[in-house]
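Heads up: the structure comes next, in structure tokens.
The values are calculated or read from the model by the stated rules, or taken from the named source; none is laboratory data. This is a predicted model, so every value here is computed, not measured. Positions of Cβ are backbone-derived with ideal geometry, glycine not excepted, and every protein chain shown enters the neighbour counts.
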Amino acid sequence: MVLLRDGESQKLDAKWRKSVKKLGYIFLFGVYCQTIFTAGSSNQKLLSFEKFKQNPYQAKSLYYRVKSTQSESHTNNTKVCHPLMDKDVFECSFLPIINTMRKQYAGCRNFSLGQSLAYLTLGAQALNQNECDAKAVFNCDGHIAFSGKFVGEVQHSYCMLQTAMPSSDARKTYTFYLKKIGMHPDQIIKAGQHGNKTAVFEYCSSGRGLISFLHMLYDDLDKSKKNELNKYLKLCVVYSRNQFTNYAAPYIQTVFGCSMQTLCWQDPAFLALTISDVFKDRLVPHYSAKKWCAIDPTKCGPEENVNHVLARLYGHINSLDAKQALTYPNADLLQTFESQSFL
């Protein structure tokens, strides 16, 4: 037994308290990291159209209460329904786009960039599977996790924001992620050489997010590799503001030179689907540059209400008459992705 003097005992107590405090910080940091790594993860499997047809999944109606203050003394709770819940809204707002996708991009490798068009690419795949005599197949090959932007707009052009630029390690991690999902430039070129071009679907407002992603995709490519990539890559952009066609589109064609087809679609329900996160229906996780070294998006499962949304989407599609492949309801609204020069 070792006896300590009072001064030594106080020093030891202080040292012990400091150690305990440090362990507490480490524990809290561990909890924080676990929260980050498991964010968006789920044990549930994504509902497929085939599984739905075998045993129709019971979809619950999804609502969100919006508190809107009409006056200082009165608050009104407004109930907002998920955009894909209503069949009439589906046929007017979403079916024309889904039908356009599966007609124009059958035979391609099809990916949605981020969350905005993820449900619609799955809808196009289901619509193709619902068509008995489909001559060409539309497959949804995946969703590309990408959030945020690191380019700024300066006098109708764009420049890299140094303060928001991903680190070298983050860029390497993201490149590795692109390889895992089949979206690395080498994989796009190889698939194209075997007859399968790659289409990337995105909804754009300003276009800065898309430009940021393209800077990552084209990062460190020499001129010959860039030209080879552009033979087999298609950008399919739905936009609602002229800001995209006036500024972002010319920049994309000048800097990257890739093929781009666009479709203007100004529809409130469609816009609500592309920007809303309130229904816990995120199919593709948020993945900003700050998370690239911390999260593997391929291990993040769908949020809790994703299969309810998919079930309702599949239910709408399943109710369509498969024999009327070219005359779906509201087929007169059908538009096409148009190729045009913005230079």
statement: Only unsatisfied item for Ser319, checking (1) modelled with pLDDT under 70; (2) more than 30 Å from Val151 (Cβ to Cβ), is (1)
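Rundown of residues vs (1) within 28 Å of Gln266 (Cα to Cα); (2) at pLDDT below 90, yes/no style:
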residue: Gln44; (1), (2): no, yes
residue: Leu47; (1), (2): no, no
residue: Asn55; (1), (2): no, yes
residue: Gln58; (1), (2): no, yes
residue: Tyr64; (1), (2): yes, yes
residue: Glu72; (1), (2): no, yes
residue: His82; (1), (2): yes, no
message: Looking at the range 325-343, can you tell me whether even one residue there is modelled with pLDDT of 90 or more, farther than 15 Å from Pro83 by Cβ and in the same structural domain as Leu120 (by TED's automatic domain parsing)?
response: no
message: Take residues that are over 19 Å from Ser259 (Cβ atoms) and of a type outside the set (Val, Ile, Thr) and tell me which of the strands (runs of 3 or more DSSP E) falling wholly in the range 140-219 contain 2 or more.
response: 151-154, 157-160
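From Ser224, Ser240, which residue is within 27 Å of Tyr119 (Cα to Cα), in the same structural domain as Phe150 (by TED's automatic domain parsing) and small (Gly, Ala, Ser)?
Unique residue meeting the criteria: Ser240.
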field: Qualifying position, being assigned to a loop (DSSP other than H, G, I, E, B) and either of a type in the set (A, V, I, L, M, F, W, C) or in contact with a His (Cβ under 6 Å, 6 or more places away or on another chain) (or both), among Ala311, Ala294, Ala269
entry: Ala294
query: Within the range 206-235, how many residues turn out to be touching a Lys or Arg at 6+ places or on another chain (Cβ under 8 Å) and crowded, with 17+ Cβ neighbours inside 10 Å?
result: 10
Positions within the range 236-254 being within 19 Å of the chain's Cα centre (by Cα) and surrounded by fewer than 19 Cβ atoms within 10 Å (Cβ to Cβ), in sequence order: Ser240
query: Based on what the data block shows, is Gln125 in the same structural domain as Gln187 (by TED's automatic domain parsing), at pLDDT 90 or above and in a helix (DSSP H, G or I)?
result: yes
task: Please determine, by comparing only the residues of the range 255-312 that are closer than 26 Å to Phe337 by Cβ and polar (S, T, N, Q), which one is surrounded by the fewest Cβ atoms within 10 Å (Cβ to Cβ).
output: Gln266
message: Condition first: within 25 Å of Phe201 (Cβ to Cβ) and modelled with pLDDT of 80 or more. Now tell me which residues in the range 154-166 satisfy that.
response: Tyr158, Pro166
Residue selected from the range 227-249 under the condition charged (D, E, K, R) and not in a strand (DSSP E or B), by the criterion farthest from Cys204 (Cα to Cα): Glu228
message: Return the residues of the range 168-191 that are surrounded by fewer than 17 Cβ atoms within 10 Å (Cβ to Cβ) and in contact with a Cys (Cβ under 8 Å, 6 or more places away or on another chain); say none if nothing qualifies.
response: Asp169
